[in-house]
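The values are calculated or read from the model by the stated rules, or taken from the named source; none is laboratory data. Here the structure is a predicted model, which is why all the values come from computation and not from measurement. Cβ placement follows ideal geometry from the backbone for every residue including glycine, while neighbour counts extend to all protein chains displayed.
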Amino acid sequence: MLSFIIRRLLLIIPMALLVITLTWVLVRIAPGNFYTGEKKLPAAIEENIKKKYGLDKPWYQQYGIMLWNTVRGDFGNSLKYERETVNELIWRSFPYSAIIGLLAYILALAIGLTAGIIASLKQNSGFDYGSMSLAMLGLSVPNFVLGPILVLIFSLWLYWLPPARWSLSGIILPVITLSAIYAAYIARLTRAGMLEVLRSDYIRTARAKGLDEKTVLLRHAVRGGLIPVVSFTGPALAGLLAGTVVVEKVFAIPGLGNIFIQAVLNRDEPLILGIVAFLSILIMVFNLLVDISYGFLDPRIRYE
Amino acid sequence: MAENTTTVKGTSLWKDAWKRLLKNKLAVFGLIVMIVMIIAVIIGPAIIRWATGYTYYYIPPENELVKSFPPSLQHPMGTDDAGRDILARVLQGGRISLMVGIISTIVSLIVGVSYGAIAGYLGGSIDNLMMRIVDILYSIPYILIVIVLLSVFGGSNMPEWIKILSDKIGGEGNQGLSQIFLLFFALGLVSWLTMARVVRGQILSLKNQEFVMAARATGVSTFAIIFRHLVPNTLGPVIVYATLTIPSVMLTEAFLSFLGIGVQPPFASWGSLAADGIKNVAIYPWQLIFPGVTMALTLFSLNFLGDGLRDALDPQTRKF
């Protein structure tokens, strides 16, 4: 187990560097430069800019410098927000995204697990059909449509919640908007996983031993039925990132997603690389945690 | 004795699956909505033009009052800021959205099926290496790379070969069109990984069967065994997965168009129409609601259809 974790942790480094390289190549092979605008720059000024950012060196030196900076975790200053370093920008904006994303995932888990488990226990009932149709609807409404419609209803018509403010009441709508699709996914996964487990031999054995229904469900069935939900956590995290980009834009939240889009549109290379590195490592570490947790949920899975 | 026998009509896998699909009411609903939607986006714009003279780009002349009108008999979905008919724009946008969904899925099918089939059939260390690569690619946060790709190559920075391709197929010098072509590749290249895994799993279970052995014994080339004998047998799961890929690709396209790096004017997709509508949601809610609801209805139907197809084509997994 320990060697498995160490091996996977060591694998994260080259993979993060691969993602960074890919991003760097994409930004670099595109025609034009971050400093080319509407106006053509005089040659001398262009020369100076190139010198300042090390663009006059051969490409392999630039690549080497970039990799070394990435390994040290020092991406330098942003090109657009020149007074701030990339790291400062990331640490300032990440808490917003993390809070929204985490709350949304918790809400999605609460709704999805409850609905999924009840639906699987009352298969083919009205609740089953109702909740599963609702889940399908949740999968089909894009979050950038859902968000503004919620604002329209709850902020502009009913005056219940603010449309955009960083406060307890202000983050209710963004969290709901972001969580809808995950609640839907989790409900469907839980239902399917539970239905499969409830028909398996070890549940029959547990019942045959004379265990009461509550123990069978909570100690045996749920543990096995949750595996698909746990393996969804990895992709969900990647999806939450994309989701926060939208939600932050709709609700005007100064989070990481917002900054990333700005960085990409400005071709702010250090900021793009910094955010991509940060998020890649975050996702890979989460995937590792997910893989480790399988072992606890399903005793049949062992890592060597 | 002869008069007592009743002839049993043989049934094929596909007929059987079709029968099961028709029993699933939600899947049938999805199928009908999709057929209507596809017909509507193909002939709809022409009908509106014939009936009212409106097209997706028609802007009323300056002497008329230009403002966003709510839905009326003349404009069932209202008009937008420039006075354009939203129904015509939603139908036109549907063409783009569905086209992006379908063509990107085809790109992902071609890449994923070939990759998975080759890895599965060759097996051994090649399979190991190829699937390891897939594992590694899986953990890359694609959406970040797609956003970077589309924004650095979008607009005037379009790669030359995509420009040439879009000029050849859709007429010369159309920047919006080459942007859509870029989307096909970006989205297709993102979604082939799961397809490769699905196909590889199928091939692994098929490759040791007698018909493959027979093919090998008669000297059929490896290429022909993979693509003539094995791949057609994986069609069931591939169709199911492709049906479910289309809505997810369409959702990603809408997301990118919402950010302003997807479909560009003069073209519009449901995503970009909804993005335009969001700006005015407080005053002209119909600008958002109609494109949004049309898109949600389409994705809803496609998801139900995909679910129904899975149940119909793969009765084994249908324990419940």
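General observations
- Options A:117, A:65, A:111, A:90; residue that is of a type in the set (Val, Ile, Thr), closer than 20 Å to residue A:270 by Cβ, in a helix (DSSP H, G or I) and touching a residue at least 12 places away in the same chain (Cβ under 8 Å): A:90
- Condition check for residue A:153: more than 21 Å from residue A:224 (Cβ to Cβ), in a helix (DSSP H, G or I) and touching a Gly at 6+ places or on another chain (Cβ under 7 Å): no
- Residue B:43 modelled with pLDDT of 80 or more and either touching an Asp or Glu at 6+ places or on another chain (Cβ under 8 Å) or farther than 12 Å from residue B:92 by Cα (or both): no
- Qualifying residue in the range A:15-26 (condition: without any contact (Cβ under 8 Å) to a residue 60 or more places away in the chain, more than 14 Å from every other protein chain (Cβ to nearest Cβ) and farther than 22 Å from residue A:237 by Cα): no
- Near pairs, Cβ below 8 angstrom, 6+ apart or cross-chain, from the range B:291-307 (in contact (Cβ under 8 Å) with a residue 60 or more places away in the chain and within 9 Å of residue A:141 (Cβ to Cβ)) to any residue that is of a type in the set (Gly, Ala, Ser) and assigned to a helix (DSSP H, G or I): B:295/B:97; B:295/B:254; B:295/B:271; B:295/B:274; B:300/A:140; B:300/B:30
- The helices (runs of 4 or more DSSP H) located wholly in the range A:221-304 that include 1 or more residues which are within 14 Å of another protein chain (Cβ to nearest Cβ), at pLDDT below 85 and under 12 Å from the mean Cα position of the chain (by Cα) occupy A:227-250, A:269-297.
- If you filter the range A:144-174 down to residues that are surrounded by 22 or more Cβ atoms within 10 Å (Cβ to Cβ) and facing chain B (nearest Cβ under 8 Å), you find that the one that is nearest to residue B:295 (Cα to Cα) is A:145.
- Residues of the range A:200-228 satisfying the condition of being touching a Ser or Thr at 6+ places or on another chain (Cβ under 8 Å), touching a residue at least 24 places away in the same chain (Cβ under 8 Å) and of a type in the set (A, V, I, L, M, F, W, C): A:226
- Taking the criterion of being over 22 Å from residue A:264 (Cα atoms) and surrounded by fewer than 24 Cβ atoms within 10 Å (Cβ to Cβ), the residues of the range B:251-276 that qualify are B:266, B:267.
- For the range B:273-289, the set of residues classified as at pLDDT below 85, closer than 24 Å to residue B:98 by Cβ and more than 10 Å from every other protein chain (Cβ to nearest Cβ) consists of B:276, B:286, B:287, listed by residue number.
- Residue check, residue B:302 closer than 20 Å to residue B:79 by Cβ, at the interface with another protein chain (Cβ under 10 Å from one of its Cβ atoms) and crowded, with 22+ Cβ neighbours inside 10 Å: no
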